[in-house]
Structure formats: C-alpha cells, structure tokens
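Read-outs throughout are calculated quantities, based only on the coordinates presented, and are distinct from any laboratory measurement. Computed from a predicted structure; not experimentally measured. Glycine also receives a Cβ, built like all others from the backbone with ideal geometry; neighbour counts cover every protein chain displayed.
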C-alpha cells in the first residue's frame, strides 16, 4: 500500500475533509489532514474543490546540498528522490528508487534569493516551483504552480 485516505463530506455538502496517510518505502508513515471547500458544481463528492488548509502531522525533511560546484541537489529522504540540477535551465533526470520514469527537473536563478525549478515527465511540463530563501536564510518557501490549475501549493521549511 502506498496511501490510505478517509474522506468525510459535511452534511451541507460544502466541506470535504481528507485524512491522508502515506507509506514510505522504508516502512515509516506520514499523515496529512486536508480541508477543502466546494468551489463549483456537483453534489456529494463530485465537483471542484479548493484546499483551505493542510496540516502535516509529521516532519517533512528536505535537504539542499551543493552539486558539482555549479548546481544544487534537492534530496527528499522519505520519498527517496534526489533532484541534481545546475543553474543552466537544462533538464536533469530525477534519481532514486521511487522516481517516475522519464521525470526530469531543471533550475534557473530568478534573483539573489529566488530560484525557479521545473518538473517534467517525458518532456511535458507538470509544474514550476519558485524556491525562495528568506533574508535571514532560515526559511525556505516552495510555491508550486501546477499546469492547468490556478491555486498554488506552498510548502515552508525551517533551517535545522
């Protein structure tokens, strides 16, 4: 099993809660609790939903390391995925036992504190991600823009 989720729909059909449990390859688990509001159409579970909150009930670790002198490695130990990228905008294959075949990432600098990373599968862009380092260098904010969606996914990491 990779994931398990329990969905609950409010009596008036306007709110959907999702208790999500993910199972990592090493046997550990993580949980997320989402709350969605109905955005449009449908009845029951059918319709368009927008996330209004997400509560992570476990530690999410992201390691960022130098890569070959002119790049960075973004390492997600729980997913066992590594993205080794250089600041040249070229696509580099994602590495690890759990990567999607044909997936690549690229990286370019936007300004002194902001990077832009892309994620593709077989050359097709799935999302871009702004990676911003706070002025005190203690907070890393990743804002994901998924192709075809207006809402963004924001993850905030504190330096350990």
Q | Cα pair distances exceeding 13 angstrom across segment 57-115, given as percent | A | 63 percent
Q: Evaluate the Kirkwood expression for the hydrodynamic radius of segment 107-160, namely the inverse of the mean inverse distance over all pairs of different C-alpha atoms, and round to one decimal in Å.
A: 11.9 Å
(Q) Considering just Cα atoms, how many Å³ per residue does the convex hull of segment 30-160 enclose? (A) 143 Å³
Q: Between residue 154 and residue 12, with labels modelled 7 Å along Cα→Cβ, what's the label distance in nm to one decimal, could you check?
A: 2.6 nm
Q: Using only alpha carbon positions, build the gyration tensor of segment 3-56, then give the equivalent ellipsoid semi-axes as the square roots of 5 times its eigenvalues, largest first, whole angstrom.
A: 25, 10, 9
Q | Mean separation of Cα contacts under 8 Å, 6 or more apart, over the residue count of segment 1-151: relative contact order % | A | 10 percent
(Q) For segment 3-56, what does the relative contact order come out to in percent, with C-alpha contacts under 8 Å and a separation of six or more? (A) 29 percent
Q. Say we join alpha carbon atoms closer than 10 Å with springs in a Gaussian network model of the chain; which of 120, 37, 86 then has the biggest fluctuation?
A. 37
Q. Using the alpha-carbon centroid of each, what span in Å lies between segment 97-146 and segment 1-80?
A. 18 Å
**Q.** Value of relative contact order over segment 63-158, rounded to a whole percent, pairs C-alpha under 8 Å and six or more apart
**A.** 14 percent
